[in-house]
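Following: one structure in C-alpha cells, then a few remarks.
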Amino acid sequence: NAGVTQTPKFRVLKTGQSMTLLCAQDMNHEYMYWYRQDPGMGLRLIHYSVGEGTTAKGEVPDGYNVSRLKKQNFLLGLESAAPSQTSVYFCASSPPLRDEQYFGPGTRLTVT
Amino acid sequence: AQSVTQLGSHVSVSEGALVLLRCNYSSSVPPYLFWYVQYPNQGLQLLLKYTSAATLVKGINGFEAEFKKSETSFHLTKPSAHMSDAAEYFCAVSEPNSGNTPLVFGKGTRLSVIA
C-alpha cells in the first residue's frame, strides 16, 4: 500500500514550457486535491475532484488545468509555465464522507 | 465562511519545555478541526482531529488539542518538547455535513526546539 505518490519529485522548467504532474493513490479514495505551498502562504488549493471525470476550482486555479480520467489518478497541468508558479506542489486524497486528507510527498517545481 | 488563524508563524521552545501552538477558527457551525505536521521535505501527516466527540483529543507523538467552543480555539499542546518535534504545524477546519468540503488550512507555525 503506497498511499499517495507524486511524479516527478523535482522539475525545472523554462518560462513558457508545459508539463504535467501526476498524482496516484491506491486507497480507492473518491476525492483528490492539488495544493501549492509557498513560504508564508501555507497551503492553497488549486483544483480538486469529487470523483472520476469531475473537477472543480479551488482558491488559486489560474494557469493550471486538471484531469481525473481514472479514479486513482489526478493530473495537474501547466500549459505555459511562469516564474510565479515556482512552488512545492502537493497532492492529497480523501475517502467519501470523511474530511481527513492523505498527502503525497510533494513535487518541487522551479520555473526560470 | 470557514477560516482558520494560527497565531505566530514561528515558535521556539527549549527541549523539555511545554509546546503550545495556537489555532482559532471561524465557522458558522461547530466544525471538524485538524492538526497536521510537516517534517522537512515531506508531505503533511495527520497529528489529530476533532469531529464533535470528546473535546480533548489525543494524537500521535504525545500531542493533544482541546476544542473550546466558547473561545473558538483548538490549540495544540505537548508537555515536553523533543528535538524531533521540530517541524511545521498546520491547523485546518472543515464544516461537517457538507460533503467532502475541502479543508481550509492555516498558514502554518514553524516549531524550533533548542537543545
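The values are calculated or read from the model by the stated rules, or taken from the named source; none is laboratory data. Computed from a predicted structure; not experimentally measured. Virtual Cβ from ideal backbone geometry, glycine too; neighbours counted across all protein chains shown. Surface accessibility is based on the protein's heavy atoms, side chains included, excluding ligands, DNA and RNA. Shrake-Rupley method; radii C 1.70, N 1.55, O 1.52, S 1.80 Å.
Okay, here's what the table says:
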{"quantity": "Qualifying residue in segment A:46-69 (condition: free of Cβ contacts under 8 Å to residues at least 24 places away in the same chain, within 10 Å of chain B (Cβ to nearest Cβ) and basic (Lys, Arg))", "calculated": "no"}
{"quantity": "Given (1) more than 8 Å from chain B (Cβ to nearest Cβ); (2) within 11 Å of the chain's Cα centre (by Cα); (3) of a type in the set (Ser, Thr, Tyr), number of the condition A:TYR33 does not satisfy", "calculated": "(1)"}
{"quantity": "Segment B:59-74 residues that are under 13 Å from B:VAL4 (Cβ atoms), paired with ones that are open to solvent by 30 Å² or more (accessible area, probe 1.4 Å) and not hydroxyl-bearing (Ser, Thr, Tyr) (beta carbon under 6 Å, 6 or more apart)", "calculated": "B:THR72/B:ASN24; B:SER73/B:ASN24"}
{"quantity": "Qualifying residues in segment A:53-63 (those that are within 24 Å of A:ASP26 (Cβ to Cβ) and surrounded by 14 or more Cβ atoms within 10 Å (Cβ to Cβ)) - the one modelled with the highest pLDDT", "calculated": "A:THR55"}
{"quantity": "Odd one out for A:ARG108 among (1) within 14 Å of another protein chain (Cβ to nearest Cβ); (2) open to solvent by 60 Å² or more (accessible area, probe 1.4 Å); (3) in a loop (DSSP other than H, G, I, E, B)", "calculated": "(3)"}
{"quantity": "Residues (surrounded by fewer than 21 Cβ atoms within 10 Å (Cβ to Cβ) and in contact (Cβ under 8 Å) with a residue 24 or more places away in the chain) located in segment A:88-101", "calculated": "A:VAL88, A:PRO95, A:PRO96"}
{"quantity": "Complete set of residues in segment A:1-27 that are away from chain B (no Cβ under 14 Å) and assigned to a loop (DSSP other than H, G, I, E, B)", "calculated": "A:ASN1, A:PRO8, A:LYS14, A:THR15, A:GLY16, A:GLN17, A:SER18, A:ASP26"}
{"quantity": "Elements of type strands (runs of 3 or more DSSP E) in segment B:1-92, at least 3 residues being more than 11 Å from chain A (Cβ to nearest Cβ) and at pLDDT 90 or above", "calculated": "B:10-14, B:19-26, B:56-58, B:64-68, B:73-78"}
